[in-house]
Amino acid sequence: MNTIILDLDGTFLRSDKTISQQNINTIKKLIDLNKDIIIATARPPRRVYNQLPCELHNNKIIFLNGAVIHHNGKPIFNKHIAVDDFTTIYNLVRKYPDKGVIAVEYDQLYAMGNFESHIPKVFYTEVDELEYKETPKILVKVLDDTFREELLYHLPPNCNIVFTDNGTLAHIMHQSVSKRNAVQYLFDTYGGHFKNTICFGDDYNDMELFKECKVSVAMKNAISELKEISTHITSSNDEDGVSEFINTYYSLI
């Protein structure tokens, strides 16, 4: 397998959001072997570059579940939610303030309310109003289980929604945006194929990739639905499961 796709939170990152030296050293070995490393995450660029060691910054990185892609530290692709679609979602969440809290990616993350149960306060700014303009991703913190159905029912046809964090966090992107489609874009641009790819993940936004990749590795801490369609299960993100699997698969030890 020549391509390795790594999710970050719950996979390559530990639960305390650090990266173990063992995981870093293992990925460096793969780079030395000329393996193609793709990082695919729901995080925005600023929260990835601040987290990853500098040696990994020039890899292909998929941000915001596929809405933005960088290579060699520079943007090569982006797809935004249209203003009209943003307005529809924004007005819906504002109509039910006791059921959901909205946050939007612009130059940084702006939230109308407290998002700290999902994202540390240092990474977002609370505001009273949001600007009506295109955005790569909208986050909605679901405070009431019934609100998931409201979001699905009123979701504009040009948008795609993925729920993570046990269904409490909705990621809304343009309809064409997904980790799977972002990887396909990279393969079309630089070469590669899913049949020659290993992917690692733990949550619903990894499902499409797991269905495509030749080897799909779920973390022990992954959701049950992902484990059911995976080809392998490794140790948890807190037990360096990524490094453990790669070292065994490629006989690096």
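Since every read-out is calculated from the coordinates, none of them should be taken as a lab result. All values derive from a computational prediction rather than experimental measurement. We place every Cβ from the backbone using ideal geometry, glycine too, and count neighbours over all the protein chains shown.
Annotations
- Under 16 Å from the Cα of LYS95 - lysines, other chains or at least 8 residues apart: LYS141
- Set of the range 39-63 residues, backbone N closer than 18 Å to the point 7 Å along the Cα-Cβ line of ASN196: 39, 60
- Legend: ranking of residues GLU150, GLU116 from fewest to most surrounding C-beta atoms inside 10 Å; resulting order GLU116, GLU150.
- Alpha-carbon centroids, the range 91-147 and the range 21-66: separation in whole Å: 27
- In Hz, Karplus ³J(HN,Hα) per residue of the range 76-93 (6.51, -1.76, 1.60; θ = phi - 60°; x = Gly, Pro): 10, 7, 7, 9, 10, 6, 5, 4, 4, 5, 4, 4, 4, 5, 4, 5, 5, 5
- For the chain, the longest principal axis of the alpha carbon atoms and the long axis of helix 179-190 meet at an angle near 60°.
- For the chain, the mean residue ellipticity at 222 nm estimated from helices alone is -8000 deg cm²/dmol, where every DSSP H run of n ≥ 4 contributes -39500 (n - 2.57) and the total is divided by all residues, rounded to the nearest 500.
- Residue ranges 218-227, 71-80, 154-163 sort as 218-227, 154-163, 71-80 when ordered by packing (mean number of other C-beta atoms within 10 Å per residue, highest first).
- Ranking of ARG43, ARG180 by count of other Cβ atoms within 10 Å, fewest first: ARG43, ARG180
- Anisotropy class of the range 189-253 from Cα gyration tensor, a/c 1.5 cut: oblate
- With pairing defined as another cysteine C-beta under 4.7 Å, the cysteines of the chain that fail it are CYS54, CYS159.
- Burial ordering of PHE210, PHE200, PHE115, PHE63, fewest other beta-carbon atoms within 10 Å first: PHE115, PHE210, PHE63, PHE200
- The string of couplings for the range 117-127 from the Karplus curve (6.51, -1.76, 1.60, θ = phi - 60°) is 5, 10, 9, x, 4, 5, 9, 8, 10, 7, 9 Hz, one whole number per residue in order, with x for Gly and Pro.
- Helix axis angle, 21-32 relative to the chain longest principal axis, alpha carbon, degrees: 70
- Reachable lysines from LYS28, criterion Cα separation under 20 angstrom, eight or more residues apart if same chain: LYS17, LYS60
- Packing-based ranking of 236-248, 83-95 yields 236-248, 83-95, ordered from highest to lowest mean Cβ neighbour count within 10 Å.
- Under Karplus coefficients 6.51, -1.76 and 1.60, residue-wise ³J(HN,Hα) of the range 194-199 in Hz, glycine/proline x: 4, 6, 10, 10, 10, 10
- Relative to the current alpha-carbon distance between ASN114 and GLU228, full extension at 0.36 nm per residue lengthens the span by 37.6 nm.
- Spin-label proximity, ARG46 to the range 84-112 - amide N less than 18 Å from point 7 Å beyond Cα toward beta carbon: 102-112
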